[in-house]
1. Take the alpha carbon atoms of the range 153-212, find their center, do the same for the range 61-85, and report the distance between the two centers in whole angstrom.
2. Considering only DSSP states other than H, G, I, E and B, which GluC sites (Glu not before Pro) in the range 42-142 qualify as loop sites with at most 16 other Cβ atoms within 10 Å?
3. Regarding the range 1-89, what is the average projected area of its C-alpha convex hull, in nm²?
4. Which chymotrypsin sites (Phe, Trp or Tyr not before Pro) in the range 1-99 sit in a loop by DSSP (not H, G, I, E or B) and have at most 14 other Cβ atoms within 10 Å of their own Cβ?
5. Show the residues, 5+ positions off or on another chain, whose built amide H is closer than 5 Å to the amide H of Ala157.
6. Considering all alpha-carbon pairs of the range 38-166, what whole percent are spaced by more than 25 angstrom?
7. Taking θ as phi - 60°, what are the ³J(HN,Hα) couplings along the range 2-17 by the Karplus curve (6.51, -1.76, 1.60), each to the nearest whole Hz, with x for Gly and Pro?
8. Can you pull the one-decimal nm distance between simple spin-label points at Asn97 and Glu52, each 7 Å off the Cα toward Cβ?
Amino acid sequence: MHFEIAQTAQNDIYNLLIGVVAPRPIAWITSHDLEGTLNAAPFSAFNYVCTEPPILAIGVANRPGPGIVGKDTAQNIRQTREFVVNVVSEELAEAMNLCAIDFPPGVNELELAQLETAPSLVVKVPRIKRAPASLECREFSTIEIGRSRIVLGQVVAIHVHDEFIDPAGPYVKAEAIHAIGRMNGKGSYIRTRDAFFQMPRSNYAEWLKTHPAPGKSG
Ligand SMILES: Cc1cc2nc3c(=O)[nH]c(=O)nc-3n(C[C@H](O)[C@H](O)[C@H](O)COP(=O)(O)O)c2cc1C
């Protein structure tokens, strides 16, 4: 099937996009408001976009309905300019899901999910202690597009539980973290346990050993 966006309903565009861009990593974001009330919520419109400087992008839609009402996470980041991205491992999936409930502002989802926090190194916002890895961020820029805010966060500190670090690199033992990813909405996720395979990247010189040199087209 083919869908031209100009002729496609908004809800269908959403369903199609989240099915095509899958699996997605989940940024479980801790933030706080100006009074210091903590907040936690998951966002899968998320990835790192560059490393020099290290920048992450997160898409936070405004709440549905008339007017522009930002989600607590987006409002907190606007006020304090800080947040922490925590990685969701399988064992934390249910706690993460609880944090996705649309609680009213001022509710500390971390308390409800009985999650302990640990102090961050650089920012005031704490990280989730049991999360296998966390990225402390300062807001680099926020772009308002339609009904969403694209938050660009500059990573200012990285935490990885010792058991998931190979100090020789240092490399992250990503296959041991058992992170979960988001699939096409409707409560569907993917596990990364036992899902790894190795495929070394080749280069042109290697390729020429078994192929003729490609001719220029045009
Ligand atoms: C796995 C998962 C991924 C989500 N990804 C997004 C997302 O990328 N953008 C978004 O606006 N909401 C997303 N949500 C919904 C928010 O987590 C939800 O609206 C939450 O209540 C926002 O909380 P807050 O108001 O405390 O920031 C996601 C929910 C789940 C369960």
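No value in this document is a laboratory result; all are computed from the given coordinates. Given the structure is predicted, the values throughout are model-derived calculations rather than measurements. Cβ sites come from the backbone with ideal geometry, for glycine too, and all protein chains shown count toward neighbours.
1. 30
2. Listed in order of number, the matching sites are Glu116.
3. Numbers: hull surface 32.9 nm².
Directional mean of the projected Cα hull area for the range 1-89 stands at 8.2 nm².
4. Values: sites: Phe3, Tyr14, Trp28, Phe43, Phe46, Tyr48, Phe83; in loops: Phe3.
When the chymotrypsin sites (Phe, Trp or Tyr not before Pro) of the range 1-99 are filtered for loop state and at most 14 Cβ neighbours within 10 Å, Phe3 remain.
5. Glu136
6. Values: 1741 of 8256 pairs.
Roughly 21 percent, rounded to a whole number.
7. 10, 10, 8, 4, 4, 10, 10, 5, 4, 5, 5, 4, 4, 4, 5, 5
8. With each label placed 7 Å out from Cα toward Cβ, I get 4.3 nm.
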